[in-house]
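The next block holds one structure in the form of structure tokens; read it before the comments.
The values are calculated or read from the model by the stated rules, or taken from the named source; none is laboratory data. From a predicted model like this one, the values you see are computed outputs, not experimental measurements. Ideal geometry is used to build each Cβ from the backbone, glycine not excepted, and the neighbour counts take in all protein chains shown. To get the accessible areas, we keep the full protein, side chains included, count just its heavy atoms, and leave off ligands, DNA and RNA. Shrake-Rupley method; radii C 1.70, N 1.55, O 1.52, S 1.80 Å.
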Amino acid sequence: MKIVLQHITKTFPSRGKKNTTDVVAVSDFSFEIPDGQLIGLLGPSGCGKSTTLNMICGLEKPTSGHIFFGDQDVTALPAEKRGVGMVFQNYALYPHLTVLDNILFPLENLKGKDKLSKAEMQKRAQDAAALVQIEELMDRKPSELSGGQQQRVAIARALVKMPHVLLLDEPLSNLDARLRLQTREEIRKIQRTTGITTVFVTHDQEEAMSISDQIVVMRQGVIQHIGKPQDVYDDPANLFVAQFLGTPPINVFEGLVKDEILYLAEDPVLSVPGLADQEVWVGIRPEGFVLQEDGPLHCKLSAVEVMGRDISVITTHPASVTPTIRSIIASDHVIHPATTDIHFAIKPHKLHVFHKKTQTRIYKEGERSL
Ligand code: ADP
Ligand code: MG
């Protein structure tokens, strides 16, 4: 099922007596989710992810704008008529019901032409349980399950109605690191097997990048960038997106363009033909630094961290915005502990230039000649 969001805005009235400005949780959000894709909705806490998801499922009504499922305008359609499965961060299982009865619950409330026979309901519940591999837990109560198992029950419960659309709101946040990794792979597998159009909300960039066909990066209710994870990482629309994606994060510098040369403090790091003289923000990915004796970027060594496959070289530079710069270098390089000065060359496609005021990206790879 294709989902189209057309100029969706959601405003909440202010609660405070003194501060009377309304909260714009989602602002002019337009996006088309192709049928069968998994979309990662990504952004910091409070940026409007849950509000967006709640509008898609029908728990919240947009202040303005329209939502379409396929060709049908569902903006005014109540949640239970939308054919949507929803999974939340806190699994919200019924504690007094067994796993089987929890999964059956949404089916038992179906009325009229949707009503199923007992046998059909059992079959559906078994199929959903098989999909998330909890068939052997059907007689247990939620309190007798681990967090990961509870979350699988919640996913089975969302799948049992065979929804056209699956919405997941930070479904892995309550799981420990290892389980989070495993469960996200399972969610991806289930999504591929069923082909259900899925929106996956998370504040964790790595999680969103690893499972999504496309990611939507949000900030304060506004879409910043939509694209394939690798494209958004390689080609960020602005400084916020560049900083939000990637671990370790991108290194940010204050730069100066003068006579078509980009300077970081005194160091001329890149030729930028066509770019006018101005102050800029410069982002360099950790993997964009190359150790090179006559390299243009002159840094002071702070520390070297060995990470097995790679080494992390921690340095300082006067134009850096953060106290230290973190670069990732292949571990076949040896850095003598007594070294004080480190010189880097920069891989041009790992360096991004941003407008000083608007913070949008102003100089794109390909326009560059070095
Ligand atoms: P996220 O899921 O990205 O953390 P939310 O969508 O929950 O963000 O919230 C977005 C903004 O809207 C926040 O500023 C939040 O405080 C506000 N908000 C969310 N729900 C309500 C509500 N029911 N009433 C008032 N403000 C709300
Ligand atoms: Mg939320």
Any chance THR75 is among the β-branched types (Val, Ile, Thr) and surrounded by fewer than 21 Cβ atoms within 10 Å (Cβ to Cβ): yes
Among (1) surrounded by fewer than 21 Cβ atoms within 10 Å (Cβ to Cβ); (2) free of Cβ contacts under 8 Å to residues at least 60 places away in the same chain; (3) under 26 Å from PHE240 (Cα atoms); (4) not β-branched (Val, Ile, Thr) - the single one LEU59 does not satisfy: (3)
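A quick yes/no check of all residues on (1) more than 18 Å from the chain's Cα centre (by Cα); (2) of a type outside the set (A, V, I, L, M, F, W, C):
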{"site": "ILE3", "(1), (2)": "yes, no"}
{"site": "PRO13", "(1), (2)": "yes, yes"}
{"site": "VAL24", "(1), (2)": "yes, no"}
{"site": "PHE31", "(1), (2)": "no, no"}
{"site": "ILE39", "(1), (2)": "no, no"}
{"site": "GLY43", "(1), (2)": "no, yes"}
{"site": "GLY46", "(1), (2)": "no, yes"}
{"site": "ILE56", "(1), (2)": "no, no"}
{"site": "LEU59", "(1), (2)": "yes, no"}
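Table: residues versus (1) at pLDDT 95 or above; (2) farther than 26 Å from LEU116 by Cβ; (3) crowded, with 17+ Cβ neighbours inside 10 Å; (4) among the polar types (S, T, N, Q).
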site: GLY147; (1), (2), (3), (4): no, yes, no, no
site: ARG152; (1), (2), (3), (4): no, no, yes, no
site: ILE155; (1), (2), (3), (4): no, no, yes, no
site: GLU170; (1), (2), (3), (4): no, yes, yes, no
site: ARG180; (1), (2), (3), (4): no, yes, yes, no
site: THR183; (1), (2), (3), (4): no, yes, yes, yes
site: GLN191; (1), (2), (3), (4): no, no, yes, yes
site: THR202; (1), (2), (3), (4): yes, yes, yes, yes
Count of residues meeting criterion [under 21 Å from LEU93 (Cα atoms), open to solvent by less than 80 Å² (accessible area, probe 1.4 Å) and at pLDDT below 90] in region 107-129: 1
Strands (runs of 3 or more DSSP E) lying entirely in region 216-269 (those with 2 or more residues that are farther than 21 Å from THR51 by Cα): 251-258, 261-264
Every pair of residues 6+ apart whose Cβ atoms lie under 8 Å, when the first sits in region 218-234 and is at negative phi while the second is within 16 Å of ligand 1 (Cβ to nearest atom) and acidic (Asp, Glu): VAL222/ASP28
